[in-house]
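Heads up: the structure comes next, in structure tokens.
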Amino acid sequence: MDEHISEAIGRPDLIRLDDGLLCLRFETMKVVSALAAVSHLLDTGVVRRGDTLVDSSSGIYAYALALACHRYGMRCHIVGSTTVDHTLRTQLDILGAHLEQMPPSSSLKLDQNRRVDRVREILRENPDYHWMRQYHDDVHYLGYEAVAERIHARTGGGSLTLVGGVGSGASTGALTHYLGKRSVDVRLVGVQPYGSVTFGSGHVADPEIIIAGIGSSIPFGNVRHDLYDVLHWLAFDAALAGSVDLLRRHAVFAGLSTGAAYLAARWERREEPGRTVLFVAADTGHRYVDTVFARHQEAARVQDLAPRPVRGTHELTLPWSRMSWDGSPAPEGALLRSAAAGAGPGDGRRASKCQRSRAAGEGATSM
């Protein structure tokens with residue numbers, strides 16, 4: 001029996017959609033990383049019950065951190081984007097989290113930087129607060145070990161292609177790391193939006209939106225670029241088509257990043273039919289009803305969509321590109337300026353070439 005609702009919310013469902021195609025469906029995925037991170041910080045004495053945890057968020061991580069703080073008796077301070085809606089604001093208020101919401105911004109990068117600057121101000125004013133740094137601190141990898149164990153037990157440890165949004169790297173990177181520790185032959189396929197610097201698409205703009213949670217306009221500190229074998233970049237219109245088809249064909253109601261991962265997973269399954277392909281569905285589709293699902297009649301047929309193969313990021317074009325990454329290091333512009341060499345938890349499948357910092361002075365953002 002669960003001791004807190006966050007434990008139930010964070011437990012994913014593993015669903016077989018088709019022969020060789022599996023969906024790892026979360027209600028809210030970041031609850032997994034937030035719960036384990038806060039628990040670890042308490043166990044190691046970094047924080048104590050009653051302390052205040054602070055971070056920046058455009059919504060999803062705010063809810064996850066608020067739940068973790070409620071579970072462990074902590075205070076929660078969120079610097080939120082203008083995109084935090086009324087439903088979430090109300091939940092955060094009742095859960096006891098303090099939300100500072102930023103005014104509207106002309107660009108995602110400006111919004112992210114503004115939130116980071118405000119977090120730094122809060123830390124200067126309150127040096128006893130702990131900055132969670134979900135996009136920089138490897139502590140957010142820890143919660144995915146139990147998920148990897150569940151995948152291993154249910155799939156029998158056979159060859160697996162894991163597909164999912166990159167984001168901070170804490171979901172797909174951590175799952176790959178922990179599956180590799182169990183001797184699983186795992187191949188990692190990352191999904192990125194155009195306009196994200198993480199894998200070098202910052203020079204390509206999506207006329208619609210940058211898909212929240214799977215990319216960023218500023219460098220993240222705990223992405224392990226060396227773990228990724230293949231990258232897919234998908235524009236909003238392609239991801240919309242994937243989300244609509246996933247609901248229509250398989251009755252799975254999930255968010256926009258899931259639609260992108262679903263398209264990539266279908267393609268990877270076609271490319272290597274001998275491998276089981278599992279894609280990550282990070283959240284439900286409720287917050288995308290108006291922006292995505294209400295537009296279902298204009299969605300393209302997924303069977304009419306295919307990625308353009310590219311050899312370098314200079315060849316990227318909308319709406320969908322695919323490139324072999326083969327464990328390459330981080331591209332220029334994806335590393336923190338003052339990063340210190342480091343790795344994810346343990347030594348991973350390969351030696352990490354990604355540099356990052358846990359210093360509180362580095363920029364961070366949470367989605």
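No lab work stands behind these numbers, since they all come straight from the coordinates. Treat the numbers as computed from the prediction; the structure is a model and nothing was measured. Cβ atoms come from the backbone with ideal geometry, glycine included; neighbour counts cover every protein chain shown.
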Item to check | Over the chain, relative contact order from alpha-carbon pairs under 8 Å, at least 6 apart, % | outcome: 20 percent
Item to check | Cα gyration tensor shape of the stretch 31-138, rounded if a/c is under 1.5, else prolate or oblate by comparing a/b with b/c | outcome: prolate
Checklist entry - How long is the gain from Arg118 to Arg311 if the chain were fully straight, where each residue apart is worth 0.36 nm and the alpha carbon distance is subtracted? => result 65.5 nm
Item to check | Nearest-ten-degree value, helix 30-43 long axis tilted from longest Cα axis of the chain | outcome: 40 degrees
Item to check | Spin-label model distance (nm) - Arg249 vs Ala153, 7 Å beyond Cα toward Cβ | outcome: 3.0 nm
Checklist outcome for this item: With the 8 Å Cα cutoff and a minimum separation of six or more residues, the stretch 37-81 has a relative contact order in percent of 46 percent
Checklist outcome for this item: Quick calc: nm separation of the 7 Å Cα→Cβ label points for Glu100 and Thr44 -> 2.6 nm
Checklist outcome for this item: Measuring from its Cα centre, the stretch 163-247 shows a charge dipole (+1 at each Lys and Arg Cβ, -1 at each Asp and Glu Cβ) which, in debye to the nearest 20, is 420 debye
Item to check | From phi via Karplus (6.51, -1.76, 1.60), per-residue ³J(HN,Hα) for the stretch 143-151 in Hz, x at Gly/Pro | outcome: x, 8, 5, 5, 5, 4, 5, 5, 4
Item to check | Net lengthening on full extension, Asp304/Ser328 (0.36 nm per residue, minus Cα-Cα) | outcome: 5.6 nm
Next on the checklist: Need one word for the chain: rounded, prolate or oblate. Basis is the Cα gyration tensor (sqrt eigenvalues a ≥ b ≥ c); a/c below 1.5 gives rounded, then a/b vs b/c decides.
Outcome noted: rounded
Checklist entry - Hey, got the dipole for the stretch 31-138? About the Cα centre, +1 on K and R Cβ, -1 on D and E Cβ, debye to the nearest 20? => result 40 debye
Checklist outcome for this item: In order over the stretch 217-222: 3J(HN,Hα) from phi, Karplus 6.51/-1.76/1.60, θ = phi - 60°, whole Hz, x for each Gly or Pro, gives 8, 10, x, 9, x, 10
Checklist entry - For the Cα atoms of the chain, what angle does the longest principal axis make with the long axis of helix 172-181, in degrees from 0 to 90, nearest 10? => result 80 degrees
Checklist entry - Normalised by the number of residues in the stretch 31-138, what is the relative contact order in percent for Cα pairs under 8 Å and 6+ residues apart? => result 28 percent
Checklist entry - Relative to the longest principal axis of the chain, what angle (0 to 90°, nearest 10) does the C-alpha long axis of helix 236-250 take? => result 80 degrees
Next on the checklist: Can you work out the Karplus-derived ³J(HN,Hα) for every residue in the stretch 125-131? Use 6.51 cos²θ - 1.76 cosθ + 1.60 with θ = phi - 60°, whole Hz, and x for glycine or proline.
Outcome noted: 6, 9, x, 8, 6, 10, 7
Checklist entry - If you count the DSSP beta bridges with both ends in the chain, what percent of them are antiparallel, to the nearest 5? => result 30 percent
